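See below for the structure under consideration.
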């Protein structure tokens, strides 16, 4: 597992987290290349099925990145996303998968540093957990 490089899927809100990722790139802030960013109109549009499918398709870890509390461009999409993430975390635990493989984070468009830091921290956490049992079961 020394050479294990986890696959991380990041569902990023177009208005905040995706823009923060773009800012991290513009500022040349390093973050792991194994983080696969999926831009969504709003974090509230990420359904539980999208998260589960990301794991089924080989992700070792997933995070949903939305706007800061009170700043959602779609009123309360980030709150909906947080509820869905908590729902899927419980589901993962029920089937014997570490719920730590799924996170909900918030940031503003100007937080390029936070995006890079979050991507790095989640990658390190998943690296310690090892490959996803879902990936092994689907192989």
Next on the checklist: Can you confirm whether residue 97 is out of contact with any strand residue (DSSP E or B) (no Cβ under 6 Å at 6 or more places or on another chain) and either part of a strand (DSSP E or B) or buried (at least 17 other Cβ atoms within 10 Å of the Cβ) (or both)?
Outcome noted: yes
Checklist entry - Restricting the search to the stretch 23-33, which residues are assigned to a loop (DSSP other than H, G, I, E, B) and closer than 16 Å to residue 123 by Cβ? => result 29, 30, 31, 32, 33
Checklist outcome for this item: Subset of the stretch 118-139, residues in a helix (DSSP H, G or I) and without any contact (Cβ under 8 Å) to a residue 12 or more places away in the chain, comes to 121, 124, 128, 136, 137
Checklist entry - Among the residues of the stretch 54-70, how many are over 15 Å from residue 133 (Cβ atoms) and touching a strand residue (DSSP E or B) at 6+ places or on another chain (Cβ under 6 Å)? => result 6
Next on the checklist: Looking at residue 116 and the list (1) in contact with a strand residue (DSSP E or B) (Cβ under 9 Å, 6 or more places away or on another chain); (2) under 25 Å from residue 25 (Cα atoms); (3) at pLDDT 95 or above; (4) buried (at least 22 other Cβ atoms within 10 Å of the Cβ), which single condition is not satisfied?
Outcome noted: (1)
Checklist entry - Checking residue 36 against (1) touching a strand residue (DSSP E or B) at 6+ places or on another chain (Cβ under 6 Å); (2) more than 14 Å from residue 126 (Cβ to Cβ), which single condition isn't satisfied? => result (2)
Checklist entry - Out of the stretch 9-22, which residues are within 10 Å of residue 118 (Cβ to Cβ) and in a strand (DSSP E or B)? => result 10
Next on the checklist: For residue 51, only one of the following conditions fails: (1) closer than 22 Å to residue 127 by Cα; (2) touching a strand residue (DSSP E or B) at 6+ places or on another chain (Cβ under 9 Å); (3) not in a helix (DSSP H, G or I). What is its number?
Outcome noted: (3)
Item to check | Selection count where residues are under 14 Å from the mean Cα position of the chain (by Cα) and under 18 Å from residue 61 (Cβ atoms), scope the stretch 74-121 | outcome: 24
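Do you know which residues across the stretch 58-72 are part of a loop (DSSP other than H, G, I, E, B) and in contact (Cβ under 8 Å) with a residue 60 or more places away in the chain?
Matches in the stretch 58-72: 58, 59, 60.
The values are calculated or read from the model by the stated rules, or taken from the named source; none is laboratory data. Values in this document were obtained by computation on a predicted structure and should not be read as measured data. Cβ: placed from backbone, ideal geometry, glycine included. Neighbour counts: every protein chain shown.
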